[in-house]
Amino acid sequence: MSISTGRSAATSAGVFFRQLPEFDPDPALWGRIQTRGRRQRRWRRIRLGAFTGALASLVLVLAFVYPLASWQPTSAPELAVRQGTSQQLQEKLAAVSGAQDDFRALSELRLIDARLQAAYDRNATDDELAALWVLRNGALRALGADAGANLSVTRI
């Protein structure tokens, strides 16, 4: 296509468009355009809200179906063993008559018990609780050893 052919096509298109009738648009046209735009924006917001709600629901369902147990330490059985040991030591100590006379060891045991209760109240980690149970078991063993020493002295 040559330049002269392109010019003649442009002039013929210009002539064609000039021959078209001119008319005034409907006065309500701009209102319909605005209404349609608002409707499209509203539907976009509704779809976005529905998608966001569905995504949040999915996350909540997954959180309930798959609890975060894998993030928790697995020392709970160890903690239960230490609690059981403490229970056994306390029962043995109660059976020994001279153990109730050692006020120093009993006050240490009460202090450890208070620290244990405070740790449970603030939802302490299993590691911290296990350390406190070890302290309590040590105090009970020491109290039992002291009571055994007192009994051996009284038998002489």
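Values in this text are rule-based calculations from the coordinates and carry no lab data. The shown structure was predicted, so the numbers you read here are calculated from the model rather than taken from an experiment. Neighbour counts run over all protein chains shown; Cβ positions are idealised from the backbone, glycine included.
Structure summary
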| read-out | value |
| --- | --- |
| Cα gyration tensor category, rounded, prolate or oblate, for the range 6-69 with a/c compared to 1.5 | oblate |
| Sorted peptide list for 51-57, 111-117, criterion being average Cβ within 10 angstrom, highest first | 111-117, 51-57 |
| ³J(HN,Hα) computed for each position of the range 44-52 - Karplus, 6.51 cos²θ - 1.76 cosθ + 1.60, integer Hz, glycine/proline x | 4, 5, 5, 5, 5, x, 5, 5, 5 |
